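Below is one structure, written out as structure tokens; comments come after it.
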Amino acid sequence: MSDETEYPDDDAVLAAEYVLGLLPADEAQGFAHRLIRDPALRDLCDTWSEHFAELAEQAEEVRPPPAIWRAIQARVFERRKPLWRRLWLGQALVGGALAAGIALAVLRLGWLEPQALPLSAALTTEGAGEVARIALDPDSGEVMAELVGLFPDPGRARELWLIQGDNAPVSLGLLAPGVVVALAVPQDLRAALAGAVLAISDEPTGGSPTGQPTGAVLATGAITAS
Amino acid sequence: MGQQDLDDLLARVSMADRTAFGQLYTQTSAKLFGLCLRILHDRAQAEDALQEIYVKIWQRAEAYQPGRVRPMTWLLAVARNHAIDVARKSRSGVSGKADGDDTVLDRLEARDPGPAETLAAKDERARIEACLDELVAERAEAVRLAYLDGASYAELAARFAVPLNTMRTWLRRSLLSLRACLSR
């Protein structure tokens with residue numbers, strides 16, 4: 001074929017080859033250097049990325065197994081988790097205002113949002129003791145929750161509910177055994193969190209199908225200032 | 001899931017907001033996992049890849065610049081690039097064996113869409129699909145292979161039984177036609 005050596009020297013084509021990862025290493029490196037200085041070249045790459053993303057979006061969506069999210073959390077949050085655990089323990093043992101103040105000061109030095117959340121609840125039962133540890137921020141609605149006891153049987157789940165006064169329970173989401181999960185309190189419920197009650201119910205996998213607790217209520221606890 | 005919502009979530013993830021990271025995962029993991037499976041054709045590899053991809057997203061969210069590309073485009077690019085790396089490594093692991101090329105070929109054959117898939121694709125035709133259809137079938141296939149299988153020029157040349165230089169010329173011309181069509 002006569003066209004074997006006729007490479008179109010069009011930057012648009014180079015950009016596509018770069019985005020696709022087709023360029024030989026030396027050319028890719030040269031192109032990457034040009035990209036740093038040349039916004040027009042970056043635009044070309046962005047445009048190709050958008051078009052090719054449409055191909056990617058044709059792939060069928062598949063929900064990954066829950067263990068993947070737990071593994072990701074363990075890796076992403078691993079350096080901070082032991083400290084959180086130590087502090088929960090410290091709070092339970094000491095609980096004094098001075099100790100809590102020191103703990104907060106220490107925590108705010110880092111990235112340790114969950115420990116610094118102003119509200120908390122320990123959900124307990126007479127028989128099993130502590131079942132879950134919850135920390136909440138009434139401003140952002142952020143909830144960090146860990147199930148530490150009464151782990152669900154296969155095919156069952158543990159759902160966390162917020163109960164304010166005489167109102168019907170509102171689901172905050174599902175808890176995971178031994179893992180800190182991030183949940184959120186809906187905006188309109190954040191004002192009256194202190195003094196409200198949290199409860200855990202036994203539900204089928206995926207949570208209550210009705211929006212209200214369908215299984216036994218396993219543990220409850222009041223939300224108090226940390 | 002709107003683009004604005006994903007933009008906000010990515011911005012919060014870049015500030016190490018765990019809640020946002022959880023929400024981002026809930027809203028995007030099925031799409032990224034689907035892409036990993038599509039590229040890797042292996043469930044265990046795809047699961048490992050998905051973990052690595054979200055660790056990268058957590059670590060590199062600040063590299064995402066809103067307004068340049070859609071947030072989903074950025075997420076898909078992180079996923080695609082990682083999955084392609086894994087696919088290439090595992091291919092180079094078997095390339096020493098005699099059946100190395102057959103593996104690539106088998107994977108090509110296995111990907112013909114079934115009737116349901118074809119229908120679904122027709123319902124939601126992306127512009128790039130319409131433009132790929134304007135190319136000669138095997139040239140369009142070469143572009144798809146490069147994107148979704150991370151095929152190199154050498155692999156494409158072997159697949160289509162043409163010299164490497166011819167392959168590159170082919171593909172570059174296809175990309176030029178594609179660009180002309182996409183910018184119409």
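Here are some notes:
- Assessment of the stretch A:55-67 against the conditions (more than 30 Å from B:Arg18 (Cβ to Cβ), within 8 Å of chain B (Cβ to nearest Cβ) and either modelled with pLDDT under 85 or surrounded by 13 or more Cβ atoms within 10 Å (Cβ to Cβ) (or both)) yields at least one matching residue.
- Consider the stretch A:181-194 and keep the residues that are touching a residue at least 24 places away in the same chain (Cβ under 8 Å) and more than 20 Å from the chain's Cα centre (by Cα). The one that is farthest from A:Pro152 (Cα to Cα) is A:Ala191.
- Remark: A:Pro138 falls outside the filter, which requires a residue to be modelled with pLDDT of 85 or more and in a loop (DSSP other than H, G, I, E, B).
- Residue in the stretch B:53-74 that is among the basic types (Lys, Arg), within 9 Å of chain A (Cβ to nearest Cβ) and either assigned to a helix (DSSP H, G or I) or over 15 Å from the mean Cα position of the chain (by Cα) (or both) present: yes
- Just one residue in the set A:Gly173, A:Gly155, A:Gly178 is in contact (Cβ under 8 Å) with a residue 12 or more places away in the chain, away from chain B (no Cβ under 14 Å) and under 19 Å from A:Leu123 (Cα atoms); that residue is A:Gly178.
- Subset of the stretch A:68-93 that is of a type in the set (A, V, I, L, M) and modelled with pLDDT of 80 or more - its residue that is surrounded by the fewest Cβ atoms within 10 Å (Cβ to Cβ): A:Ala74
- Residue within the stretch A:36-54 that is in contact with a strand residue (DSSP E or B) (Cβ under 8 Å, 6 or more places away or on another chain), surrounded by 19 or more Cβ atoms within 10 Å (Cβ to Cβ) and more than 7 Å from chain B (Cβ to nearest Cβ) present: no
- Scanning the stretch B:150-167 for residues that are assigned to a helix (DSSP H, G or I) and either over 14 Å from A:Pro24 (Cα atoms) or more than 7 Å from chain A (Cβ to nearest Cβ) (or both) yields B:Ala154, B:Glu155, B:Leu156, B:Ala157, B:Ala158, B:Arg159, B:Leu164, B:Thr166, B:Met167.
The values are calculated or read from the model by the stated rules, or taken from the named source; none is laboratory data. Computed from a predicted structure; not experimentally measured. FYI the Cβ positions are ideal-geometry reconstructions off the backbone, even for glycines, and counts take in every protein chain you see.
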